[in-house]
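S.K.: Attaching a single structure in structure tokens format; questions to follow.
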Amino acid sequence: MSASADTNFDLLAPGRRRNWIRLRTMILLRWFAIAGQLAAIVVAQRLYDLQLELGLCFLAVGVSVVGNLVAMFIFPETKRLSEQENFMMVVFDVFQLAFLLFLTGGLHNPFSLLLLAPVTVSAAVLSRRSTVLLNVTAFVFISLMAFLHVPLQTDDGLTLELPRVFIFGQWVAITIALVFISVYARRITTEMNTMSDALIATQMALARAQKLNDLGGVV
């Protein structure tokens with residue numbers, strides 16, 4: 001009885017809980033991201049006549065498609081991602097999205113806020129060290145894109161740029177959001193896990209008491 005209880009509590013440890021994310025979940029989230037990226041590229045090019053580096057943009061999206069297909073055919077959908085595997089997948093998404101934003105105006109692109117999404121996932125399921133590394137990586141990309149990016153231009157040669165004060169405000173807002181959302185998501189997840197552990201411990205104690213009562217009745 002004691003060994004079984006220890007095993008159950010071990011499965012609830014933070015290190016084990018980080019292995020609860022299934023590969024299927026990450027693949028599904030990436031498919032949604034791919035669909036959104038393709039839709040944004042097509043709308044920007046067809047509806048607003050923006051001159052984009054379509055070859056490089058589709059290459060960036062294609063890398064994600066290939067990564068998803070490889071993961072689907074090599075690994076089972078029920079595979080649980082380890083801490084390192086989960087971290088590498090999220091880092092890949094940050095790199096891919098940052099490269100796509102670099103090709104489409106950097107911080108002048110309103111979709112630059114989407115860099116917050118991978119960081120939120122990291123804060124909710126990964127360790128503090130992985131979350132900090134991902135935050136630093138996203139911050140570096142955001143800072144670089146404020147100065148280095150391919151400008152957005154229309155067919156008429158008009159360059160779409162925001163005033164520098166707005167770009168600075170965008171940079172500050174995203175930086176603050178990176179920290180705030182990470183702390184908030186991590187705090188909420190920790191409290192939810194604590195309450196879940198307490199509920200499971202109570203259920204285990206009640207089950208053990210019931211077994212003892214049943215055993216006493218048999219004796």
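S.K.: Keeping to the stretch 75-92, report how many residues are surrounded by fewer than 20 Cβ atoms within 10 Å (Cβ to Cβ) and either modelled with pLDDT of 85 or more or closer than 25 Å to Val136 by Cα (or both).
M.R.: Of the residues in the stretch 75-92, 7 are surrounded by fewer than 20 Cβ atoms within 10 Å (Cβ to Cβ) and either modelled with pLDDT of 85 or more or closer than 25 Å to Val136 by Cα (or both).
S.K.: Inspect all residues belonging to the stretch 157-164 and state whether any of them is in contact with a strand residue (DSSP E or B) (Cβ under 6 Å, 6 or more places away or on another chain) and at pLDDT 75 or above. Before the answer, list the steps.
M.R.: From the stretch 157-164, those in contact with a strand residue (DSSP E or B) (Cβ under 6 Å, 6 or more places away or on another chain) are 159-160; that's our starting set.
Going one step further and asking which of them are at pLDDT 75 or above, we end up with 159-160.
Looking through the stretch 157-164, at least one residue is in contact with a strand residue (DSSP E or B) (Cβ under 6 Å, 6 or more places away or on another chain) and at pLDDT 75 or above.
S.K.: Same structure again: Answer yes or no: is there a residue in the stretch 196-209 that is in a helix (DSSP H, G or I), within 17 Å of the chain's Cα centre (by Cα), surrounded by 12 or more Cβ atoms within 10 Å (Cβ to Cβ) and of a type in the set (D, E, K, R).
M.R.: The answer is no, given that none of the residues of the stretch 196-209 is in a helix (DSSP H, G or I), within 17 Å of the chain's Cα centre (by Cα), surrounded by 12 or more Cβ atoms within 10 Å (Cβ to Cβ) and of a type in the set (D, E, K, R).
S.K.: Consider the stretch 137-173. How many of its residues are of a type in the set (A, V, I, L, M, F, W, C), open to solvent by 80 Å² or more (accessible area, probe 1.4 Å) and either within 23 Å of the chain's Cα centre (by Cα) or more than 20 Å from Tyr48 (Cα to Cα) (or both)?
M.R.: 6
S.K.: With Gly62, Gly105 as the choices, which residue is open to solvent by less than 40 Å² (accessible area, probe 1.4 Å) and within 27 Å of Asp156 (Cβ to Cβ)? Walk me through how you get there before you give the answer.
M.R.: Details: Gly62 fails: within 27 Å of Asp156 (Cβ to Cβ).
Every option except Gly105 fails the conditions.
S.K.: Let me ask something else about it. Please give the number of the condition Val132 fails out of (1) open to solvent by 20 Å² or more (accessible area, probe 1.4 Å); (2) over 24 Å from Thr25 (Cα atoms); (3) within 17 Å of the chain's Cα centre (by Cα).
M.R.: The one condition Val132 does not meet is (2).
S.K.: Moving on. Quick one: what pairs do we get from the stretch 194-219, first residue at pLDDT below 75, second open to solvent by less than 80 Å² (accessible area, probe 1.4 Å), C-beta under 6 Å, 6+ apart or different chains?
M.R.: That search, which allows pairs on different chains as well, returns Asp197/Leu12.
The values are calculated or read from the model by the stated rules, or taken from the named source; none is laboratory data. Since this is a predicted model, take the numbers as computed values, not measurements. Cβ: placed from backbone, ideal geometry, glycine included. Neighbour counts: every protein chain shown. Just so you know, the surface numbers come from the protein's heavy atoms only, side chains and all, with ligands and any DNA or RNA stripped out. Shrake-Rupley method; radii C 1.70, N 1.55, O 1.52, S 1.80 Å.
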